[in-house]
């Protein structure tokens, strides 16, 4: 007979996963002492080997995101991008690039929330993506190359 695990227990277990589960670490860092999935902030510095990187570029502060659905979508996306390699599609995200991905994804997730009332990526369809592209292009101050990067 299989026992079901209570949802709260499963959630707590998932929250304890190390954010840098697969990334190589600088010498002297213990994976058990790293930021965890459920932490309000993630410090990715132990996996960034460039000495001149700014700390703010390798730290994610989820508390700065007020909307819970946006915050949790960002958390899920960043964890997946930092730890899951999709051969032939996407490589694992370098921890040094996390801030850029965070900012772009946050802009998109906030648009989705404004359009749908909540961030539910299962409800994102081509018409919504087209509206997002038009929304980005509508800002005349935004150069076309920037729009391309945001898409």
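The values are calculated or read from the model by the stated rules, or taken from the named source; none is laboratory data. Owing to the predicted nature of the structure, the values given are computational and were not obtained by experimental measurement. Cβ atoms come from the backbone with ideal geometry, glycine included; neighbour counts cover every protein chain shown.
Assess whether residue 99 counts as being in contact (Cβ under 8 Å) with a residue 24 or more places away in the chain, touching a helix residue (DSSP H, G or I) at 6+ places or on another chain (Cβ under 6 Å), in a helix (DSSP H, G or I) and under 29 Å from residue 24 (Cβ atoms). So residue 99 fits the description; yes.
Which number in (1) under 29 Å from residue 12 (Cβ atoms); (2) surrounded by 11 or more Cβ atoms within 10 Å (Cβ to Cβ); (3) more than 17 Å from the chain's Cα centre (by Cα) marks the one condition that residue 117 misses? Among (1) under 29 Å from residue 12 (Cβ atoms); (2) surrounded by 11 or more Cβ atoms within 10 Å (Cβ to Cβ); (3) more than 17 Å from the chain's Cα centre (by Cα), residue 117 violates only (2).
Quick test for you: out of 14, 34, pick the one residue that is touching a residue at least 12 places away in the same chain (Cβ under 8 Å) and closer than 13 Å to residue 95 by Cβ.
Going through 14, 34 in turn, the sole match is 34.
Here are the criteria: (1) in contact with a helix residue (DSSP H, G or I) (Cβ under 9 Å, 6 or more places away or on another chain); (2) assigned to a helix (DSSP H, G or I); (3) closer than 23 Å to residue 45 by Cβ; (4) without any contact (Cβ under 8 Å) to a residue 60 or more places away in the chain. Tell me which single one residue 113 does not satisfy. Failed condition: (3). The numbered conditions (1) closer than 23 Å to residue 15 by Cα; (2) modelled with pLDDT of 90 or more; (3) not in a strand (DSSP E or B) are all true for residue 104 except (1).
Checked against the criterion of being modelled with pLDDT under 90 and more than 30 Å from residue 51 (Cα to Cα), the candidates 118, 147 yield just one match: 147. Reported count of residues in the range 85-96, each being at positive phi and outside any loop (DSSP other than H, G, I, E, B), is 0. One residue alone among 82, 74, 128 is within 29 Å of residue 51 (Cα to Cα), part of a helix (DSSP H, G or I) and at pLDDT 95 or above, and that residue is 74.
Determine if the range 50-68 includes at least one residue that is more than 23 Å from residue 121 (Cα to Cα), touching a residue at least 24 places away in the same chain (Cβ under 8 Å) and loosely packed, with under 14 Cβ neighbours inside 10 Å. Yes; the residues of the range 50-68 include at least one that is more than 23 Å from residue 121 (Cα to Cα), touching a residue at least 24 places away in the same chain (Cβ under 8 Å) and loosely packed, with under 14 Cβ neighbours inside 10 Å.
With respect to residue 19, is the statement that it is in contact with a strand residue (DSSP E or B) (Cβ under 6 Å, 6 or more places away or on another chain), in contact (Cβ under 8 Å) with a residue 60 or more places away in the chain, within 29 Å of residue 123 (Cα to Cα) and crowded, with 17+ Cβ neighbours inside 10 Å true? Considered against the rule, which asks whether it is in contact with a strand residue (DSSP E or B) (Cβ under 6 Å, 6 or more places away or on another chain), in contact (Cβ under 8 Å) with a residue 60 or more places away in the chain, within 29 Å of residue 123 (Cα to Cα) and crowded, with 17+ Cβ neighbours inside 10 Å, residue 19 comes out as yes.
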